[in-house]
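Asker: Provided herewith is a single structure, encoded as structure tokens, for subsequent inquiry.
The values are calculated or read from the model by the stated rules, or taken from the named source; none is laboratory data. Being a predicted model, the structure only gives us computed values, none of them experimental. Here the Cβ positions follow ideal geometry from the backbone for every residue, glycine too, while neighbour counts run over all protein chains shown.
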Amino acid sequence: MDMQKVKITKEMEQLYCYILLEEVKEKVSRLKSYGISDDDIETLLHDEEIFPKLTITKDYKIVVGDDKQIEIVMEPLVKSIYLLFLVHPEGIVLKCLPDYRKELKEIYALVRPQGMTERAEKSIVNVTNPTQNSINEKCARIRKAFIGTIPYRVLKYYTISGKRGEVKKIALQRDRINWEGRLKNPQGL
């Protein structure tokens, strides 16, 4: 009798496992249809953190990570551009950058409280001029600053990205951003 019971239990367990596997396959397929990559799914299965927390400290350092925090080092202008895009989750069309020049100057003044130099003023004018390539160079520097610090498969969420001629933005979910300073919203400047 006990052998029969064990055999039935084993068969039921195998059937239950088969049903669970089919459900997992269906859910994985659904995740892929939403654009989640195989790498991200594998990371989830291994219980790794996909999107490390991004912290903007009170003194405007950019830090990545929860337990092990790593500072992302950038020049003041590059950091100011990054922060400008962070406070605009809707994104910015690069040809409209002149509309953000004043705000960028205000952010720069927070990042570099020693004051605005003539050279910095000129650089801000250049970077907000859509006919120049300066903004693209700065976006490349931002990307370079993050490479090696966060998993490559999620790099696009932490950097300024978007199609040519369309809105550029930092796609990181805002609940993954910890603001310690007052820059949280553009009206707070």
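Asker: Applying the selection to region 62-75, what residues are surrounded by 17 or more Cβ atoms within 10 Å (Cβ to Cβ) and within 28 Å of Asn129 (Cβ to Cβ)?
Answerer: Across region 62-75, the qualifying residues are Ile62, Ile72, Met74.
Asker: Could you grab me the full set of residues in region 131-189 that are modelled with pLDDT under 90, closer than 23 Å to Glu121 by Cα and surrounded by 17 or more Cβ atoms within 10 Å (Cβ to Cβ)?
Answerer: Leu183, the sole residue that qualifies.
Asker: Further, regarding this structure: Out of the residues in region 52-97 that are in contact with a Pro (Cβ under 7 Å, 6 or more places away or on another chain) and in a helix (DSSP H, G or I), state the one that is nearest to Ser161 (Cα to Cα). Give the derivation first.
Answerer: Restricting attention to region 52-97, the residues satisfying the condition of being in contact with a Pro (Cβ under 7 Å, 6 or more places away or on another chain) are 64-66, 87-88, 94-95, 97.
Subset that is in a helix (DSSP H, G or I): 94-95, 97.
Numbers: Leu94: 11, Lys95: 15, Leu97: 15 Å.
Going through the qualifying residues, I end up with Leu94.
Asker: While we're looking at this one, here's another question. Could you tell me which of the residues Val125, Val111, Val93 is among the β-branched types (Val, Ile, Thr) and farther than 30 Å from Arg176 by Cα?
Answerer: Val125 is the lone residue from the list that is among the β-branched types (Val, Ile, Thr) and farther than 30 Å from Arg176 by Cα.
Asker: Another question about this same structure. Restricting to region 6-37, what's the tally of residues that are closer than 30 Å to Val154 by Cα, aromatic (Phe, Trp, Tyr) and either over 39 Å from the mean Cα position of the chain (by Cα) or surrounded by 10 or more Cβ atoms within 10 Å (Cβ to Cβ) (or both)?
Answerer: Here is the first cut: in region 6-37, the residues closer than 30 Å to Val154 by Cα are 20-37.
Now drop any that are not aromatic (Phe, Trp, Tyr), which leaves 34.
Narrowing further to those that are either over 39 Å from the mean Cα position of the chain (by Cα) or surrounded by 10 or more Cβ atoms within 10 Å (Cβ to Cβ) (or both): none.
Number of matching residues: 0.
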